[in-house]
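Remarks on the structure that follows.
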Amino acid sequence: MAGRRNFIKKLAAISVGSMSLKAYAKIAPKSVSHFETLTGEEYWNALRTQFTLKPEKVYLNNGTIGPSPLVVQQALINSIEQIDSSCAYGGDDIAREGISKLINCQKEEIALTHNTTEGLNIICWGLPLKKGDEVILTQHEHVGNIMPWLNRAEIDGIKLKFIKTGRTTTEVLNQLNDSISRKTRVISVPHVSCTIGQKYPIKAIQKLCKEKGIWFVPDGAHGAGSMHLDMQDLDVDCYVSCGHKWLLGPKGTGFVFIKKGFLDTIKPTYAGAYTDSGFDIFSTHPILKGYNKTAHRFDYGTKNASLFIGLNEATNFHLNIGTKKVEERCLSLSKYLFTKLETLESQVQIINSNEQASRSSMIGFVPKSIDYKTLANKLQDNGFRVRQVPEANLNSIRVSTHIYNNFEQLDVFCDAIKEIG
């Protein structure tokens, strides 16, 4: 009990240090430009005042759900009040503009969704697959990219091949290439795995798929918001992500990028207002004249505009900081933690490769002398929120670092592991 109190006091002391910067923030939403005169840790500490996380806690599970900064919270609240006082309709389209700037594409190539899983279902069910066609996935998929394909296999008889990937980019590429057969039509893998945060070489995988004449469907749940993304550079036909993780946006938001030249390959499984480009129900033979010529064909009907107005504010938050700057900060924290965990080799085994190209803002490790669930629960009791990972039979712990974390928190976190595990 004394140890628990000690860690919580340390965490509170760290938070008090950064909260002295209330002179900049005053617990009110501030734009990123408000902090532009600050540099180094002072800048990141000031940005931390824009999050309403509890000071005695350290949140290291952004890979599951991310906290929204005050500007996003306020945009959401203001839009709800405005819509309910005016009964204004629409407004969700604003998010397409922000996302297109964030990932360098055209806004007509963006479909709005509720989450990554919905986006993966759009692609999975929209591809023209038939019985016996093969889809290659990894054993490190999130259930959101497993269930759509399993469901289609159950209904349409497609075949799934789950491969165990190596820990380096070369190993991943070689294993995927060796797994391709004459029946392979699709490869669908994560940009960053949900299990240990392994970054996959999706630009090279896209090139491989084009050479083999098969489709590539990247699960980008952990991409948007944690790294600088450029759809033109990656040259992918589609990319699926969400707003509630690394983008720090409202929960229940997501998007799908579908390249214009790829739009007609994906057929809408569900349809409604905005799916079409016209129809005739008064002729002898009612006809659909055509689909909407943009990715809007895949999101239809009334949406919660407030959520997407908030998502647009979240994308602006990232763009105003700079997506490359956000990525560098997240990686610097992760690299620091990796090095600290290496000093605890008698207590934990890091699962990730030391290869920089496969590293992300998440780290996976297995405790050596205590059950992973026990350690995770004890860490939570001491103020640290992490993610337990039973997937892929890893029985491990995953840690995520984002811009609201700092190095001192990671020091105390490793001290806690040293004392508990």
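The values are calculated or read from the model by the stated rules, or taken from the named source; none is laboratory data. On a predicted model such as this, the values are computed, not experimentally measured, just so you know. Note that each Cβ is placed from the backbone with ideal geometry, even for glycine, and that neighbours are counted across all protein chains shown.
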Can you tell me which residues in the range 251-262 are surrounded by fewer than 24 Cβ atoms within 10 Å (Cβ to Cβ) and touching a residue at least 60 places away in the same chain (Cβ under 8 Å)? K251, G252, K259, K260
Pairs please, first residue from the range 383-409 and free of Cβ contacts under 8 Å to residues at least 12 places away in the same chain and outside any strand (DSSP E or B), second anywhere and surrounded by 20 or more Cβ atoms within 10 Å (Cβ to Cβ) and not polar (S, T, N, Q), Cβ atoms under 9 Å, 6+ apart in sequence or on different chains. P390/Y372
Do the conditions hold for L248, that is, is it more than 29 Å from I83 (Cα to Cα), at pLDDT 95 or above and of a type in the set (A, V, I, L, M, F, W, C)? no
Can you tell me which residue is surrounded by the fewest Cβ atoms within 10 Å (Cβ to Cβ) among those in the range 39-51 that are more than 14 Å from N320 (Cβ to Cβ) and out of contact with any Leu (no Cβ under 7 Å at 6 or more places or on another chain)? G40
Filtering the range 123-148 down to residues that are in contact with a Gly (Cβ under 8 Å, 6 or more places away or on another chain) and among the small types (G, A, S) yields G132
Can you find, within the range 357-371, the residue that is farthest from T64 (Cα to Cα) among those that are surrounded by 21 or more Cβ atoms within 10 Å (Cβ to Cβ) and under 24 Å from the mean Cα position of the chain (by Cα)? S358
Quickly run through the range 186-225 and pick out the residues that are under 11 Å from the mean Cα position of the chain (by Cα) and either surrounded by fewer than 22 Cβ atoms within 10 Å (Cβ to Cβ) or hydroxyl-bearing (S, T, Y) (or both). S193
Check whether at least one residue in the range 266-276 is of a type in the set (S, T, Y) and under 26 Å from Q206 (Cβ atoms), and report yes or no. yes
Pick from the range 268-296, criterion free of Cβ contacts under 8 Å to residues at least 12 places away in the same chain and assigned to a strand (DSSP E or B), ranking: surrounded by the most Cβ atoms within 10 Å (Cβ to Cβ): F279
Against the condition buried (at least 21 other Cβ atoms within 10 Å of the Cβ), under 30 Å from R182 (Cβ atoms), assigned by TED's automatic domain parsing to the domain that holds F162 and not polar (S, T, N, Q), how does I103 come out, does it pass? no
Looking at the range 402-418, can you tell me whether even one residue there is crowded, with 17+ Cβ neighbours inside 10 Å, within 24 Å of G166 (Cβ to Cβ) and out of contact with any Pro (no Cβ under 6 Å at 6 or more places or on another chain)? no
